[in-house]
Amino acid sequence: MTKRQDKNPREIALEILHRIDTEETFADQALLTSVCDLRLSSLDRRFIGELVHGTTKMRRRLDYVLSLFLERKLEELTPWIRNILRMGLYQITFLDKVPERAAVDESVKLAKKFGHRGTVALVNAVLRSYLRDRGRITFPSREENRIENLALFYSFPDWIVEKWLELIGEEQTVRLCEAFNKRPQLSCRVNSLKTDKEALEETFRREKIKFKPGRFLKNFYTVESKIDLDRFAPLRKGWVYFQDESAGLPVELLDPQPGECILDLCAAPGGKSTYIAERMGDQGKVLAVDLSKRRLKTVQENCKRLGVRSVALCCADARDYRCGKVDRILVDVPCSALGTLGRHSDGRWTKQRGDLPRLQKLQLEILSNAAELLRTGGVLVYSTCTITPEENDHLIERFLETRGDFNLRDSSDFLDSEVVDQNGMVRTLPHIHKIDGSFACRLEKT
């Protein structure tokens, strides 16, 4: 039962930011659990989401600017006042539709509720000083420290910017940072088990929803209108599954056929498993394996909504899972997820450079186990939603050095060559392909 809520959207957003700050809760999870039971308009929900995700993404830049107007360290303030200042500055700097005076006044009101007379005066003074002197703000020059300049201005950790500069150079790094700081687009694929493209497009037009077909997969759509997902009929009917177009590329590369037995390792939340089943016409068997029982329940719910019957669930560790030989395997491994930083606002702050060796070891163990479960002549697709070589092509090179029974197949035989690199592997970047960053390759067992 939904609760009547007496708090305004800014207060709800502040409470969520406080949870993220003090409880190490993921932004998406904190947002979902905080608003799902509240009776909120779709406009308020979007505004809360904008404040939470925007303030979280731009935290480093906001903190740098605030430090220029504070006589004490930001860390010395309570989490409540810290986040009131961040959220107020975010509205003034990045939200054109919020009047600057309203952003200041509402921040002061929050300070009265969550602080004391001194912090009320501080919030008011800092934000008004910013309005008065923001033209004088400077960042460290790019000539003196290129990494710090880009990391502060675009709000990323130094190590991520440093890695991108090494990989793609300064111009591409700037464009990538800008892409990640934009609001993520909403994409979905049509579920051919329940409807077809024509019926879905007619529904879009009838509901006056702006849309456009996917750039690389024509059964995907970008929804350009703002919609209320709770009331979106195609979602409720199981006509669509919301996922980024990049997530469909590994399934197309796998090329599943009716009647086959296919293994999907690390399957939750089920977007790829259900797409595999759909591509097979729901004829055959898809073994969806995941370590989390809770996440497998989500796979089950998605299968039910989409009308998928060929998916069988198994709770197991992908590193040592055992089954009979299968025809095809999708290995969508746990990764640093650095290709989806625009979609997960706290991702840039929760990942560490030291995660990469640990993840690479895990990925290689999962891939090696999968190789033993594939029949001769079978197909294995390895995929990630990251853009680091250590987790992608470098790992595949290491695997192939020890496995003479596998060959790398050119992905352009199955996909648009625009998403395939010179080595025949799928590689997408948000600022180039306008979808999430991802990697995939097709390995065939000889």
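The numbers here are math on the coordinates, done by the rules we state, and not lab data. What you see is a predicted model, and the numbers here were worked out from it, not measured in a lab. Ideal geometry is used to build each Cβ from the backbone, glycine not excepted, and the neighbour counts take in all protein chains shown.
Numbers at a glance
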| quantity | calculated |
| --- | --- |
| Centroid-to-centroid separation of the range 138-161 and the range 407-441 [C-alpha atoms, Å] | 29 Å |
| Alpha carbon centroid spacing (whole Å) that separates the range 332-391 from the range 58-90 | 34 Å |
| Distance between modelled label sites at Leu68 and Leu165, nm, 7 Å Cα→Cβ extension | 2.0 nm |
| The chain: most fluctuating residue of Leu70, Leu408, Leu359 per GNM, C-alpha cutoff 10 Å | Leu70 |
| Neighbour count of at most 14 Cβ within 10 Å plus DSSP loop: longest GluC sites (Glu not before Pro)-free window in the chain | 225-446 |
| Backbone HN-Hα couplings from phi across the range 113-124 [Karplus 6.51/-1.76/1.60, Hz, Gly and Pro as x] | 7, 10, x, 9, 4, x, 6, 4, 5, 5, 4, 4 |
| Nearest-0.05 FRET efficiency for Lys218 and Ser412, computed from C-beta distance (R0 30 Å) | 0.95 |
| Percentage relative contact order, the range 327-446, counting C-alpha pairs under 8 Å, at least six apart | 32 percent |
| The range 45-142: trypsin sites (Lys or Arg not before Pro) falling in loop per DSSP and having at most 11 other Cβ within 10 Å | Arg72, Lys73, Lys97 |
| Global form of the range 265-329, assessed from the alpha-carbon gyration tensor, a/c cut-off 1.5 | oblate |
| Nitroxide proxy distance, nm - points 7 Å out along Cα→Cβ at Arg309 and Lys197 | 2.7 nm |
| Separation of the Thr138 and Asn8 label points, Cα + 7 Å toward Cβ, nm | 3.8 nm |
| Overall form of the chain per C-alpha gyration tensor (a/c, 1.5; a/b vs b/c) | prolate |
| Long-range amide H partners of Gly284 with built H, under 5 Å | Gly259 |
| Rounded if a/c under 1.5, otherwise prolate or oblate - the range 52-137, Cα gyration tensor axes | rounded |
| Net charge, Arg375 excluded, C-beta distance under 12 Å - Lys, Arg +1, Asp, Glu -1 | -2 |
| Cut-off 9 Å between beta-carbons: net charge of the residues surrounding Ile160, Lys and Arg +1, Asp and Glu -1 | +2 |
| Net charge of neighbours whose Cβ lies under 15 Å from the Cβ of Lys297, counting Lys and Arg as +1 and Asp and Glu as -1 | +3 |
| Nonlocal amide H pairs with Asp332, under 5 Å, H built at 1.01 Å | Leu265, Ser383 |
| Euclidean distance between Cα centres, the range 296-324 to the range 91-122, Å | 47 Å |
| Dimensions (Å) - the range 150-192, Cα atoms, principal axes, largest first | 43, 19, 17 |
| Nearest-0.05 FRET efficiency for Arg205 and Arg295, computed from C-beta distance (R0 25 Å) | 0.10 |
| Tilt relative to the chain, helix 9-23 - C-alpha long axis, 0 to 90 degrees, to 10 | 70 degrees |
| The range 180-190 - phi-based ³J(HN,Hα) in whole Hz, Karplus 6.51/-1.76/1.60, Gly and Pro as x | 5, 8, 7, 5, x, 7, 9, 10, 8, 10, 7 |
| Between helix 42-57 and the chain: long-axis angle, C-alpha atoms, 0 to 90°, nearest 10 | 90 degrees |
| Under-5 Å amide H pairs with Leu38, H placed in peptide plane, nonlocal only | Lys3 |
| Expected 222 nm ellipticity per residue - DSSP helices of 4 or more, -39500 (n - 2.57), all of the chain, to 500 | -14500 deg cm²/dmol |
| Angle in degrees between helix 293-306 and the longest Cα principal axis of the chain, rounded to the nearest 10 | 70 degrees |
